[in-house]
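Colleague: Starting off with a structure, shown below.
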Amino acid sequence: MKAASPRRDSRRLSGDAERKHRISAQLLSAIALTESGRWMAGEGVIVAWPWTVYAEGEGRIFDNRAAAVAAARSLSDQGVRNIDVGCMQINLQYHAAAFTSLNDALSPAADIDYAARLLRRLYIRHRSWLQAVAYYHSATKSLNTVYRAKVIKVWHKERRWAINERRRLVQA
C-alpha cells in the first residue's frame, strides 16, 4: 500500500484538527503553507512539508522524519535553543512541554494537533482569528502584522481551492 503524500496528509490532518478544535476551515492549512511551504515541481504545487527544521535563520528540509529528528537533536546538542519544527513550525524553546520527544514533535499528526490547540487558545484570548494568527507567530506587533497578512493571503487561496475541490467532487 502506497503511503499518503505529505500534501494530502497535511491537508487531511489540518481539516480534521480544524473540525475537532472548531477552527475556521483551511486556516491551519494556510498557516502550515506559510510556515513550511515547499515547491513540489513534480506536482506543480506548494506543499506544507512535515520534516522542516528552522534554526539560526536557516530553514532545513528533510526527506523523512528520522533525518529531521537527527538534525534538530544535533542543533540542540550544539546549544541552539530557538528551533522550530514540523509543518506548523512549533518552537521547541517556547513550547517545551508540547511534545514528549523530538520524534513526537516531528509527527505531522502531533504537530498539527498541537498547533490547532494553540491557535484555539489564542482565539479564545483575543476573540479574533486574525489576532490569533498574528499571535501564533509572535507577540511583537512589528513581526506579527506582516506574518498575519501573509497567512491571510494564503488562507484566501486555500478557501478558493477547497470550494473548487468540492465542486470537482460533486461533478465527478
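Colleague: Mind checking which residues of segment 93-106 are crowded, with 22+ Cβ neighbours inside 10 Å and in a loop (DSSP other than H, G, I, E, B)?
Modeller: Matches in segment 93-106: LEU106 only.
Colleague: Further, regarding this structure: Which condition number in (1) free of Cβ contacts under 8 Å to residues at least 40 places away in the same chain; (2) in a loop (DSSP other than H, G, I, E, B); (3) within 23 Å of ARG148 (Cβ to Cβ) is the one that ALA25 fails?
Modeller: Among (1) free of Cβ contacts under 8 Å to residues at least 40 places away in the same chain; (2) in a loop (DSSP other than H, G, I, E, B); (3) within 23 Å of ARG148 (Cβ to Cβ), the lone unmet condition for ALA25 is (1).
Colleague: Among the residues in segment 68-77, are any under 21 Å from ASP16 (Cβ atoms), among the hydrophobic types (A, V, I, L, M, F, W, C) and touching a residue at least 12 places away in the same chain (Cβ under 8 Å)? I'd like the intermediate steps shown before the answer.
Modeller: Let us first name the residues in segment 68-77 that are under 21 Å from ASP16 (Cβ atoms), namely none.
For segment 68-77, residues under 21 Å from ASP16 (Cβ atoms), among the hydrophobic types (A, V, I, L, M, F, W, C) and touching a residue at least 12 places away in the same chain (Cβ under 8 Å): absent.
Residues are listed down the side, and each one gets a yes or a no for (1) at pLDDT 95 or above; (2) farther than 27 Å from ARG160 by Cβ; (3) of a type outside the set (Asp, Glu):
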site	(1), (2), (3)
GLY15	no, no, yes
GLU56	no, yes, no
ALA68	yes, yes, yes
ARG73	yes, yes, yes
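Colleague: Further question: Specify the residue that is most open to solvent (accessible area, probe 1.4 Å); the eligible residues are those in segment 131-143 that are of a type outside the set (Val, Ile, Thr) and over 16 Å from the mean Cα position of the chain (by Cα).
Modeller: LYS141
Colleague: Can we say ALA66 is assigned to a helix (DSSP H, G or I) and open to solvent by less than 20 Å² (accessible area, probe 1.4 Å)?
Modeller: no
Colleague: With VAL154, VAL146 as the choices, which residue is open to solvent by less than 50 Å² (accessible area, probe 1.4 Å), assigned to a helix (DSSP H, G or I) and either free of Cβ contacts under 8 Å to residues at least 40 places away in the same chain or out of contact with any Gly (no Cβ under 7 Å at 6 or more places or on another chain) (or both)?
Modeller: VAL154
Colleague: With ARG19, ARG81, ARG73 as the choices, which residue is basic (Lys, Arg) and within 19 Å of LEU122 (Cβ to Cβ)?
Modeller: Only one candidate passes the filter, namely ARG19.
The values are calculated or read from the model by the stated rules, or taken from the named source; none is laboratory data. Remember, predicted model here, so these are calculated numbers, not experimental data. Note that each Cβ is placed from the backbone with ideal geometry, even for glycine, and that neighbours are counted across all protein chains shown. Remember, those area values only see protein heavy atoms, side chains included, never the ligands or the DNA or RNA. Shrake-Rupley method; radii C 1.70, N 1.55, O 1.52, S 1.80 Å.
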